[in-house]
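Taking it in order: structure first as structure tokens, then the write-up.
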Amino acid sequence: MKTIGNILKRYTAWIWKVLAPLGPWGVFAIAAVDGSLFGMPIDAIVAFYVYRDRPHFLFYVVMASAGSALGSLVVYGIGYLGGETVLRKRISEERFNKIHASFERHEFWAVMFPAMLPPPTPFKLFVLAASAFEMRFTHFLAAVFAGRCVRFLVLALLTIKFGPEVIHLVGSLARQHLSWLVGGVSALIVLGVAFWQRKRWMRKPGDLELPARQK
């Protein structure tokens, strides 16, 4: 355990050494690396930047979200090259069919929803699925960016309120109650979509008509 702890300390020190010359843009760079093939302690890094410069927390939320979206293009490209074959090797047939069905119904939510959730959510699997199922490129980027914005905004607000130590608490709770977390966020999304569709259905027919030309 001591050996693992020393390795983690050295790894963390190395990351901060790399980020130092980048200044406030370091959060973008590290989020891009985390979004690609190399996992990084992105939550801790975002929390550090936010706590150190609280008035500009929205800047770090947007930069981390944009970096994560761009970094995800690496995995997205791998999915295009390997297609469904890569995805089928990584997950069971049953799980593959469930993910495929979710993309068939609402592909935007199928990417945005996992992007909102903290580790240990296997987000890169959904990125592979997005490319394998030929999700539109612009929709993919928008979904990842929107989901990460929600995740990092919640993280930033919690950090401002409780300090950087909230990272350990949130991570522990997420691991212990992941099913409840997924269920709760899913319910909120379903309610939001249902409310939006209800508003569309309740529009009067005349609301969609073009105004008559004046004589």
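Below, the figures for the structure above:
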| item | result |
| --- | --- |
| Translational diffusion coefficient (Stokes-Einstein; Kirkwood radius from C-alpha pairs) of region 2-166 at 37 °C, 0.692 mPa s, in µm²/s | 199 |
| Cβ crowding within 10 Å averaged over residues, with 125-136, 105-116 ranked highest first | 125-136, 105-116 |
| FRET E, pair I160, T138, Förster distance 30 Å, beta-carbon r, rounded to 0.05 | 0.40 |
| Whole-Hz ³J(HN,Hα) from phi, Karplus 6.51 cos²θ - 1.76 cosθ + 1.60, for region 53-69, glycine and proline x | 9, 4, x, 10, 4, 5, 4, 5, 4, 5, 5, 5, 5, 5, x, 5, 5 |
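Every number in this text was worked out from the coordinates using simple rules, so none of it is lab data. Quantities reported herein were computed from a predicted structural model and do not represent experimental measurements. Cβ atoms come from the backbone with ideal geometry, glycine included; neighbour counts cover every protein chain shown.
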